[in-house]
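The values are calculated or read from the model by the stated rules, or taken from the named source; none is laboratory data. Only a predicted model underlies this, so the values are computations on that prediction, with no experimental measurement involved. Cβ placement follows ideal geometry from the backbone for every residue including glycine, while neighbour counts extend to all protein chains displayed. Only protein heavy atoms, including side chains, enter the accessible area calculation; ligands, DNA and RNA are left aside. Shrake-Rupley method; radii C 1.70, N 1.55, O 1.52, S 1.80 Å.
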Amino acid sequence: MTKPAVLILLGPPGAGKGTQARMLEEKFGLVQLSTGDLLRAAVAAGTEAGKAAQAVMSAGGLVSDEIVLAILKDRMAEPDTSKGVILDGFPRTEGQAAALDELLAAQGASIGAAISLEVDDAAMVERVSGRYTCGGCGEGYHDTFKQPAVAGVCDKCGSTDFKRRADDNAETVSARLEAYHAQTAPLISYYDGKGVLSRVDAMGEIDRVAADLAAIVTQVTG
Ligand code: ADP
Ligand code: ADP
Ligand code: ZN
């Protein structure tokens with residue numbers, strides 16, 4: 001049996017990680033694993049981890065490795081992840097990357113590809129400020145770049161309930177970009193050194209980026 005594919009999507013807030021991960025999920029039968037979504041669920045559920053994470057997330061900082069790793073490991077232990085996973089927003093620090101290597105080694109698995117979505121900072125603010133999400137199915141939209149076919153109705157599930165994230169505002173975005181450059185961007189050379197890095201120009205249209213990603217994932221999942 002072939003080992004499940006483990007793909008990593010790296011990129012600053014608003015790069016398109018979530019949008020592309022959902023498309024790859026549909027196209028390749030992989031499972032999207034977003035630590036941001038898992039943390040927001042923990043905050044909403046009022047768990048101890050969620051309580052500790054909430055203030056850090058609203059300020060645009062990074063939640064501690066300890067909390068993120070505990071949440072990630074629990075999710076990776078669920079059976080659906082055996083189909084292969086797309087890690088969206090994880091790892092974000094060198095400590096998380098080292099812990100992921102250990103976790104995969106213990107399972108006899110390895111990283112198929114770490115894909116860096118490359119975008120400039122100015123575009124990020126615009127993308128994040130216009131972002132909203134379907135409350136029914138989680139599909140992502142944008143005020144300008146990705147509107148539903150029928151205004152106010154989700155293309156995927158028909159819901160009319162949409163949400164905006166509390167941390168998607170201009171002030172928090174600059175803190176998040178800073179955290180990205182200081183703590184996450186060094187992972188690009190970390191994965192380059194391991195020979196698993198691919199870079200994708202993520203300034204293009206959503207479908208264009210999706211085509212570039214699909215070509216890489218096809219090679220990895222073969
Ligand atoms: P991330 O998960 O990296 O933070 P998202 O996938 O949520 O980013 O995308 C951020 C916002 O930008 C969303 O509103 C999304 O619809 C939009 N978006 C994603 N990719 C593109 C793109 N290539 N061009 C324009 N807008 C995009
Ligand atoms: P975006 O892709 O727009 O930055 P996410 O949904 O991935 O948003 O993350 C939202 C917030 O959740 C981050 O700003 C950070 O506070 C926290 N977070 C998500 N993933 C991690 C992680 N791997 N390590 C630390 N904090 C994280
Ligand atoms: Zn929906």
Checklist entry - Remind me, relative contact order of the chain in percent, using alpha carbon pairs under 8 angstrom and six or more residues apart? => result 30
Checklist outcome for this item: Applying the gyration tensor rule to the Cα atoms of the chain (axes a ≥ b ≥ c; rounded if a/c under 1.5, else prolate if a/b exceeds b/c, else oblate), the class is rounded
Next on the checklist: What number comes out for accessible area per residue over the chain if the probe is 1.4 Å? Units Å², please.
Outcome noted: 49
Item to check | At R0 = 35 Å, FRET efficiency that the Cβ-Cβ distance of T218 and E126 yields, to 0.05 | outcome: 0.70
Next on the checklist: Relative contact order for the range 1-126: what percent, with Cα pairs under 8 Å and sequence separation of 6 or more?
Outcome noted: 49
Next on the checklist: What are the ³J(HN,Hα) couplings of the range 70-76, residue after residue, when phi is run through the Karplus curve with 6.51, -1.76, 1.60 and θ = phi - 60°? Round to Hz, x for glycine and proline.
Outcome noted: 4, 5, 5, 5, 4, 5, 5
Next on the checklist: Looking at the chain only, what percent of DSSP beta bridges run antiparallel? Nearest 5 please.
Outcome noted: 25
Checklist entry - Once you measure Cβ to Cβ distances between cysteines in the chain, which Cys have no partner under 4.7 Å? => result none
Checklist entry - Can you list the HN-Hα couplings for the range 39-53, worked out from phi with the Karplus curve (6.51, -1.76, 1.60; θ = phi - 60°), rounded to whole Hz and with x for Gly and Pro? => result 5, 5, 5, 5, 5, 5, 7, x, 5, 4, 4, x, 5, 6, 7
Checklist entry - What does the charge add up to near M203, with Lys and Arg as +1, Asp and Glu as -1, over the other residues with Cβ less than 10 Å from its Cβ? => result -3
Checklist outcome for this item: Note, the range 81-95: 3J(HN,Hα) by Karplus (6.51, -1.76, 1.60, θ = phi - 60°), whole Hz, Gly/Pro = x, goes 6, 5, 6, x, 10, 10, 7, 10, x, 8, x, 10, 9, 5, x
Next on the checklist: I'd like the accessible area for E48: 1.4 Å probe, protein heavy atoms, all chains in place, Å² to the nearest 10.
Outcome noted: 140
Next on the checklist: Could you work out what % of the accessible surface of the range 88-144 is carbon and sulfur, using a 1.4 angstrom probe and leaving DNA, RNA and ligands out of the count?
Outcome noted: 48
Item to check | Environment charge at V125 (Cβ cut-off 12 Å; Lys +1, Arg +1, Asp -1, Glu -1) | outcome: -2
